[in-house]
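The values are calculated or read from the model by the stated rules, or taken from the named source; none is laboratory data. This one's a predicted model, so the numbers in the text were calculated from it and none came from an experiment. No Cβ is skipped: glycine too gets one built from the backbone with ideal geometry, and neighbour counts run over all protein chains shown.
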Amino acid sequence: MNIDDDAPLLTVNGVGKRYGNRIGCADVSFDLWPGEVLAIVGESGSGKTTLLNCLSTRLEPDAGSICYRTRGGEMRDVYQMREAERRFLMRTDWGFVHQNPADGLRMTVSAGANVGERLMAVGERHYGDIRGKAIDWLGRVEIASDRVDDQPRAFSGGMRQRLQIARNLVTHPRLVFMDEPTGGLDVSVQARLLDLLRSLVAELGLSAIVVTHDLAVARLISHRMMVMKDGRVIEHGLTDRVLDDPHAPYTQLLVSSILQV
Amino acid sequence: MTASNNLTHEGAPTMAGATYNFAYLDEQTKRMIRRAILKAIAIPGYQVPFASREMPMPYGWGTGGVQVTASIIGPDDVLKVIDQGADDTTNAVSIRAFFQKVANVAVTTRTHEATIIQTRHRIPETPLKSGQVLVYQVPIPEPLRFLEPRETETRTMHALEEYGLMHVKLYEDIARHGYIAKTYAYPVKVEDRYVMDPSPIPKFDNPKMHMSEALQLFGAGREKRIYAIPPHTKVVSLDFEDHPFEVQKFSEPCAICGSRGIYLDEVILDDRGGHMFVCSDTDFCEEQRNEH
């Protein structure tokens, strides 16, 4: 705990994005605190991914502001930063885990180079050190060290996803965006990945924004959640509260539609 | 009647029967290319786009280099053209003949006599002097191309000096081979700013680019880019702290002239494994033989 924990890490105010006449997302406001995991849930087309892309500077919103507290303690509007600063932030302080690992990895270079890329991007020029850190991070995401020179193409879906996570965490980011991180994985692999994510988040004190349509995933890893429908946030609260005592009719429908095995 | 009979050296086509201008390109095109060259010299290592023209040769045969040479050549210039270090290979012979015909300039194979040297794959062994211009033919000017296919993205990376990816390539080489296995087109950083592809010269020649007294111009015809290294410019080959840049070393001397410490070509002599190593720079080899 330090004094910084009293201030939000990310402040989102009235963010909206339209695609022509259609609403991508509208009027989204929230604060994200250090060490907090926020889940954004909702059905397909509800604007989850649009919102995530707006937040992570991958898609410029039409309205609202997104302010991020830098390591210097300064609140900065991410869209007012120079492109160089923003890209630097993206590859040091932030991480982005794609649903499809192939989008977030370089499929034609080895696992070690994938993990080491961010280190080299911030100026590390010692091969032995970079490789050592890559092997260390592969271990932390449960990939055997003898796979360090294999290309991600030779990895299973679950391993690729874990590699993508390692690649993002190697620079010790403070904020990680995840777009359906467990999508496309079978349930047992999903469970292990969630376990891993949960322990990494706790261990590193990460903040994360996780987009998912899977309420079970949200329940397991998030502290708070936002429910979206038709581009708007219809309910927002602590995860357990939202799932156990949903207020909005749509959330009630969503919760009741979980298949009980 | 040969075409050169109808050409003047002042750069203006004669009225009667002239089919092209001095040095083939029209004056407007030359001005456009010279502007690109000036910009390239002003920003060492930066790739300047230019409106590359169709030349009477296929892409990949040096259309970029020929356009640069055509734009800078004057009637008093002495031209040398090398291909793989040799003056007598097809490409070198035909480009030399081309400029003899369309510009009526003096040509030479002697490195020290030439004012303009157009090259593919080599920097001459004889150190270049102030006042000489080395024109490279470049197939792919973008050093990041095979790592990042999007041109918009590579331009942003150059603009923001994001060169981590280049080291990913070198990392990958060491991981796979135990050393940096790239032997040609070895990426360099120019004047601490732009990462540049030195065209497919052997990395043996990379140190010669550093603080060179001659002006170095690079022309990529198909990719429509010109870049430059002005004289006395810092050129550093990329490497890792624990895997420093090294040039090729040859254990034996040239089989013809006996020189050491120069770049050698392997020549296969028969189908029973017979081979010898000879100077890749034919002019240098000849000079050495004449001296001894």
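Based on what the data block shows, is A:N168 out of contact with any Asp or Glu (no Cβ under 6 Å at 6 or more places or on another chain), within 11 Å of chain B (Cβ to nearest Cβ), part of a helix (DSSP H, G or I) and buried (at least 21 other Cβ atoms within 10 Å of the Cβ)?
no
I need a count of the residues in the stretch B:186-219 that are in contact with a Gly (Cβ under 9 Å, 6 or more places away or on another chain) and among the aromatic types (F, W, Y).
2
Can you tell me how many residues within the stretch B:223-281 are part of a strand (DSSP E or B), within 14 Å of chain A (Cβ to nearest Cβ) and not aliphatic (A, V, I, L, M)?
Within the stretch B:223-281, residues that are part of a strand (DSSP E or B), within 14 Å of chain A (Cβ to nearest Cβ) and not aliphatic (A, V, I, L, M) number 3.
Return the residues of the stretch A:67-85 that are basic (K, R) and surrounded by fewer than 16 Cβ atoms within 10 Å (Cβ to Cβ); say none if nothing qualifies.
Result: A:R71, A:R82.
List, please: which pairs have Cβ atoms under 8 Å, are six or more places apart or on different chains, and start with a residue in the stretch B:157-173 that is assigned to a helix (DSSP H, G or I) and end with one that is acidic (D, E)?
Sorted first by the residue in the stretch B:157-173, then by its partner, the pairs are B:M157/B:E148; B:G164/A:E117; B:L165/A:E117; B:L165/B:E148; B:V168/A:E117; B:L170/B:D239.
Tell me which of these B:E172 doesn't satisfy, since it passes every other one: (1) more than 12 Å from chain A (Cβ to nearest Cβ); (2) out of contact with any Gly (no Cβ under 7 Å at 6 or more places or on another chain).
With respect to (1) more than 12 Å from chain A (Cβ to nearest Cβ); (2) out of contact with any Gly (no Cβ under 7 Å at 6 or more places or on another chain), B:E172 is out only on (1).
Quick check on this structure: which one of B:I229, B:I268 is of a type in the set (V, I, T) and touching a residue at least 12 places away in the same chain (Cβ under 8 Å)?
After ruling out the rest, the residue left standing is B:I229.
If I filter the stretch B:175-190 down to residues being over 13 Å from B:D239 (Cβ atoms) and touching a strand residue (DSSP E or B) at 6+ places or on another chain (Cβ under 8 Å), which single residue comes out as farthest from the other protein chains (Cβ to nearest Cβ)?
B:Y184
Hey, could you check the stretch B:241-265 for residues that are within 14 Å of B:F204 (Cβ to Cβ) and acidic (D, E) and say which is surrounded by the most Cβ atoms within 10 Å (Cβ to Cβ)?
The extreme case among them is B:D265.
Can you name the residue in the stretch A:210-261 that is among the hydroxyl-bearing types (S, T, Y) and not in a loop (DSSP other than H, G, I, E, B) and is also modelled with the highest pLDDT among such residues?
Across the stretch A:210-261, the extreme among qualifying residues is A:T239.
Kindly establish whether A:L163 is of a type in the set (A, V, I, L, M, F, W, C) and not assigned by TED's automatic domain parsing to the domain that holds A:V37.
Here the answer is yes, as A:L163 does meet what is asked.
Can you tell me how many residues within the stretch A:50-87 are hydrophobic (A, V, I, L, M, F, W, C) and free of Cβ contacts under 8 Å to residues at least 24 places away in the same chain?
Summing the residues that are hydrophobic (A, V, I, L, M, F, W, C) and free of Cβ contacts under 8 Å to residues at least 24 places away in the same chain in the stretch A:50-87 gives 3.
Of everything in the stretch B:81-105, what is more than 24 Å from B:F277 (Cα to Cα) and either of a type outside the set (A, V, I, L, M) or loosely packed, with under 15 Cβ neighbours inside 10 Å (or both)? Give them in sequence order.
Matches in the stretch B:81-105: B:S94, B:R96, B:A97, B:F98, B:F99, B:Q100, B:K101, B:N104.
Consider B:P200 carefully, then state whether it is farther than 22 Å from B:E161 by Cβ and either in a helix (DSSP H, G or I) or within 14 Å of chain A (Cβ to nearest Cβ) (or both).
no
Go through the stretch B:148-169 and count every residue that is facing chain A (nearest Cβ under 8 Å) and among the hydrophobic types (A, V, I, L, M, F, W, C).
Residues that pass the stated criteria total 3.
Name the helices (runs of 4 or more DSSP H) wholly within the stretch A:54-136 that hold at least 2 residues that are more than 10 Å from chain B (Cβ to nearest Cβ)?
Ranges flagged: A:83-92, A:101-104.
Checking the structure you have, find out if any residue of the stretch B:31-42 is surrounded by 15 or more Cβ atoms within 10 Å (Cβ to Cβ), in a loop (DSSP other than H, G, I, E, B) and at pLDDT 95 or above.
The answer is no; no qualifying residue exists.
Filter the stretch B:174-183 down to residues that are outside any helix (DSSP H, G or I) and either among the polar types (S, T, N, Q) or touching a residue at least 40 places away in the same chain (Cβ under 8 Å) (or both) and give me whichever is surrounded by the fewest Cβ atoms within 10 Å (Cβ to Cβ).
The selected residue is B:Y179.
For A:T50, which of the numbered conditions (1) closer than 16 Å to A:T212 by Cβ; (2) hydroxyl-bearing (S, T, Y); (3) over 19 Å from the mean Cα position of the chain (by Cα) fails to hold?
(3)
When you scan the stretch A:145-195, how many residues do you find that are without any contact (Cβ under 8 Å) to a residue 60 or more places away in the chain and of a type outside the set (S, T, N, Q)?
Of the residues in the stretch A:145-195, 26 are without any contact (Cβ under 8 Å) to a residue 60 or more places away in the chain and of a type outside the set (S, T, N, Q).
Answer yes or no as to whether A:A26 is among the hydrophobic types (A, V, I, L, M, F, W, C), in contact with a Lys or Arg (Cβ under 8 Å, 6 or more places away or on another chain), more than 29 Å from A:Y250 (Cβ to Cβ) and assigned by TED's automatic domain parsing to the domain that holds A:D186.
The answer is no for A:A26.
Going by what's in this entry, would A:G139 be described as part of a helix (DSSP H, G or I), more than 14 Å from every other protein chain (Cβ to nearest Cβ), in contact with a Ser or Thr (Cβ under 8 Å, 6 or more places away or on another chain) and surrounded by fewer than 21 Cβ atoms within 10 Å (Cβ to Cβ)?
Yes: the conditions hold for A:G139.
Among the candidates A:G20, A:G14, A:G47, A:G42, single out the residue that is of a type in the set (G, A, S), surrounded by fewer than 17 Cβ atoms within 10 Å (Cβ to Cβ), in the same structural domain as A:T239 (by TED's automatic domain parsing) and in contact with a strand residue (DSSP E or B) (Cβ under 9 Å, 6 or more places away or on another chain).
A:G14
Quick one: which residue in B:P149, B:P127, B:P143 is part of a loop (DSSP other than H, G, I, E, B) and within 22 Å of B:A40 (Cβ to Cβ)?
B:P143
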